[in-house]
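*Asks:* Below is a structure I'd like to ask you about.
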Amino acid sequence: MNYNELIIRDLLDKNVTSSKELASVKRSFAKENKIDCPSNIALLREYHSLVNKKRIKKNSEIEKLLITRPVRSLSGVVNVSVLTKPYDCPGECIYCPKETNIPKSYLSGEPAVERAKKLKYDPYLQVKNRIESLELGGHPTDKIELRLIGGNWSSYTKKYKEWFVKRCFEACNDKKDRTLKLSQRRNEKAKHRIVGISFETRPDFINQKEIDEMLLLGATKIEIGVQSLYDNVLTMNKRGHGVKETIKATKLLKNAGFKVAYQMMLNLPGSNPQKDIEMFKELFSNPSFKPDYLKIYPCALVKEAPLYNLYLKGEYKPYNREILIETINEIKKYIPIYVRIERIIRDIPSPLIVEGGAKSSNLRQFIDSQKICKCIRCREIKDIKNEEVFLFKEEYEASDGKEIFLSFEDKNRKNIYSILRLRITNSDTALIREVHVYGQATQISKKGSQHKGLGMLMVKEAEKIANKKRIAVISGVGVRDYYRKKLGYRLSKTYMIKTF
Ligand code: SF4
Ligand SMILES: [Zn+2]
């Protein structure tokens, strides 16, 4: 039986009647079998062939479903990861794998890497391809969040970075332009709008010049490899920077309006489970840190990294599965509600990992399934719910400023519908660092009027709370028009601004 036949049979067994269910069956099947999501056309062809051979009965529901073009939602944001070309990062981190023709810190066999390698790391083709396969899978592609990955973004030349980002915009615009600025302008009204861009870099590469450059490229979120809050652990792992660089970078990034994501590593040489847990307590009690997003990666022991030699000499041993799960579960208790854990455990195929808990292939699913976390990701709504929502406000000190986290949630704070991050410092401009509405919000607003325009309501509330001369929003290029038309903001350099 081929894959398409299996999917058709599954659809019939499950009595699937909506395109949403159809997309979900296709997605989970593709994931399970590590294949690309089949198109509705291919499935329809298979269906007709099975009916003709009398192997299945005619089913008009399924037929209709496969014929209908996927509904394009206006509010679902999809992530598109694009890898930069292999380039030697000047860092010497001992756990970092180095392979020929693969960007440092990545490994062949990782799904995103394999996709990029096939396309010779061409940004245009990577974006085009991804959009196509998302569309085939029935996902909306109107709003795209671009993740530019592949080692240390700041190590590439300015020329390469500009070209790379411009080609991504051109892929979304389906049109070439003379300059990046023109591509961005065109994207404001394009079919596939880039609503956010994130870069991965190191804390010691963050300075005002780098920040200005990232703003011009259209970045909205910066992921920094913090890895540890212990200087001795950082030294032992040859990170080449200390904790003070992280503190400085965090403040500079937040003051520029960026969302700040930290990549943290567990199980590094020099640490232990207790130290790892203490580190997370410190992360959210010390105002110098308090990131908005988190990726928690246990150190993965691979043969391609210098750490392997320490392991062979018996000087390093990774935690086993039980210890790893216990440590992560304990850490989860300290995650505040304004943080979104984006990922725990990296997507490294298990055969590439030599030993340790990170090797067990279902570990991520297991950890994710234990709903003991109050982070945003664990609570953001995915389906339409008809319930009343309330506006919540959290305040906390961070990097010499005040952060106000607004959110619309149900009364028990189990479901989160939208969030806004407002930053107030002694400057006369307040910053809106993030506005995010989760789920299929356009559909929500049709169903229950109480959910109408949550994003707009939050921005109005933030304007009131800020009570400043000016508000600046770091908005993705593709959202500028929304601020302009719906909220009366205007573009000033790379921010959307409103003066009061
Ligand atoms: S900075 Fe990142 S890419 Fe560079 S060596 Fe360290 S882990 Fe690898
Ligand atoms: Zn969580």
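*Asks:* Enumerate the pairs (first residue in region 285-311 and on the phi > 0 side of the Ramachandran plot; second residue anywhere and part of a loop (DSSP other than H, G, I, E, B) and surrounded by 17 or more Cβ atoms within 10 Å (Cβ to Cβ)) with beta-carbon separation below 8 Å, excluding pairs fewer than 6 apart on the same chain, so at least 6 apart or on different chains.
*Replies:* What qualifies is K290/S399.
Here is a yes/no grid of residues against (1) at pLDDT 95 or above; (2) surrounded by 14 or more Cβ atoms within 10 Å (Cβ to Cβ):
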site	(1), (2)
E387	no, yes
E394	yes, no
I416	no, yes
T425	yes, yes
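*Asks:* From the set of residues in region 36-88 that are modelled with pLDDT of 80 or more, more than 21 Å from the chain's Cα centre (by Cα) and in the same structural domain as R130 (by TED's automatic domain parsing), which is most open to solvent (accessible area, probe 1.4 Å)?
*Replies:* If we take residues in region 36-88 being modelled with pLDDT of 80 or more, more than 21 Å from the chain's Cα centre (by Cα) and in the same structural domain as R130 (by TED's automatic domain parsing), then Y87 is most open to solvent (accessible area, probe 1.4 Å).
*Asks:* A further question follows. Quick one: E278 ticks every box in (1) open to solvent by 10 Å² or more (accessible area, probe 1.4 Å); (2) among the charged types (D, E, K, R); (3) within 22 Å of the chain's Cα centre (by Cα); (4) within 30 Å of K393 (Cβ to Cβ) bar one, so which box is it?
*Replies:* Checking E278 against (1) open to solvent by 10 Å² or more (accessible area, probe 1.4 Å); (2) among the charged types (D, E, K, R); (3) within 22 Å of the chain's Cα centre (by Cα); (4) within 30 Å of K393 (Cβ to Cβ), the one that fails is (3).
*Asks:* For the condition within 14 Å of ligand 2 (Cβ to nearest atom), open to solvent by less than 70 Å² (accessible area, probe 1.4 Å) and either touching a Gly at 6+ places or on another chain (Cβ under 7 Å) or in contact (Cβ under 8 Å) with a residue 40 or more places away in the chain (or both), what is the one hit in C378, C373?
*Replies:* C373
*Asks:* Could you pull out the residue among D36, D88, D13 that is out of contact with any strand residue (DSSP E or B) (no Cβ under 9 Å at 6 or more places or on another chain) and within 16 Å of ligand 1 (Cβ to nearest atom)?
*Replies:* D88
*Asks:* Condition first: farther than 19 Å from N415 by Cβ and of a type in the set (S, T, N, Q). Can you find one or more residues in region 338-358 that meet it?
*Replies:* Within region 338-358, one or more residues are farther than 19 Å from N415 by Cβ and of a type in the set (S, T, N, Q).
*Asks:* From (1) at pLDDT 95 or above; (2) in contact with a helix residue (DSSP H, G or I) (Cβ under 8 Å, 6 or more places away or on another chain), pick out the condition that doesn't hold for A466.
*Replies:* Against the list (1) at pLDDT 95 or above; (2) in contact with a helix residue (DSSP H, G or I) (Cβ under 8 Å, 6 or more places away or on another chain), A466 comes up short only on (2).
*Asks:* If I328 satisfies every condition in (1) modelled with pLDDT of 85 or more; (2) closer than 21 Å to E461 by Cβ; (3) surrounded by 13 or more Cβ atoms within 10 Å (Cβ to Cβ); (4) not hydroxyl-bearing (S, T, Y) but one, which is the exception?
*Replies:* For I328, the failing item is (2).
*Asks:* Something else: Name, by its number, the condition in (1) within 24 Å of the chain's Cα centre (by Cα); (2) open to solvent by 70 Å² or more (accessible area, probe 1.4 Å); (3) in contact (Cβ under 8 Å) with a residue 24 or more places away in the chain that does not hold for Q365.
*Replies:* (3)
*Asks:* Can I ask one more? Just to check your reading of the model, which residue among I341, I353 is β-branched (V, I, T), within 11 Å of ligand 2 (Cβ to nearest atom), out of contact with any Gly (no Cβ under 8 Å at 6 or more places or on another chain) and on the phi < 0 side of the Ramachandran plot?
*Replies:* Exactly one of I341, I353 is β-branched (V, I, T), within 11 Å of ligand 2 (Cβ to nearest atom), out of contact with any Gly (no Cβ under 8 Å at 6 or more places or on another chain) and on the phi < 0 side of the Ramachandran plot, namely I341.
*Asks:* Mind listing whichever residues of region 286-296 are of a type outside the set (K, R) and within 24 Å of the chain's Cα centre (by Cα)?
*Replies:* Scanning region 286-296 gives P287, S288, F289, P291, D292, Y293, L294, I296.
*Asks:* Same structure, new question: With the condition kept exactly as written, say whether any residue in region 145-155 is of a type outside the set (V, I, T), more than 17 Å from the chain's Cα centre (by Cα) and within 16 Å of ligand 1 (Cβ to nearest atom).
*Replies:* Among the residues of region 145-155, at least one is of a type outside the set (V, I, T), more than 17 Å from the chain's Cα centre (by Cα) and within 16 Å of ligand 1 (Cβ to nearest atom), which makes the answer yes.
*Asks:* Please enumerate the residues belonging to region 191-231 that are farther than 19 Å from S288 by Cα and part of a helix (DSSP H, G or I).
*Replies:* Within region 191-231, K209, E210, D212, E213, M214, L215, L216, L217 qualify.
*Asks:* Something else about it: Output the number of the condition that T235 fails; it satisfies all remaining conditions of (1) surrounded by fewer than 17 Cβ atoms within 10 Å (Cβ to Cβ); (2) farther than 25 Å from E92 by Cα; (3) not acidic (D, E).
*Replies:* Every condition holds for T235 apart from (2).
*Asks:* I'd like the residue in region 388-409 that is free of Cβ contacts under 8 Å to residues at least 40 places away in the same chain and of a type in the set (D, E) and, out of all such residues, is farthest from ligand 1 (Cβ to nearest atom).
*Replies:* Applying the filter and picking the extreme gives E409.
The values are calculated or read from the model by the stated rules, or taken from the named source; none is laboratory data. The structure displayed is predicted, hence computed values, not measured ones. In this analysis, Cβ positions are derived from the backbone assuming ideal geometry, glycine residues included, and neighbour counts consider all displayed protein chains. Surface accessibility is based on the protein's heavy atoms, side chains included, excluding ligands, DNA and RNA. Shrake-Rupley method; radii C 1.70, N 1.55, O 1.52, S 1.80 Å.
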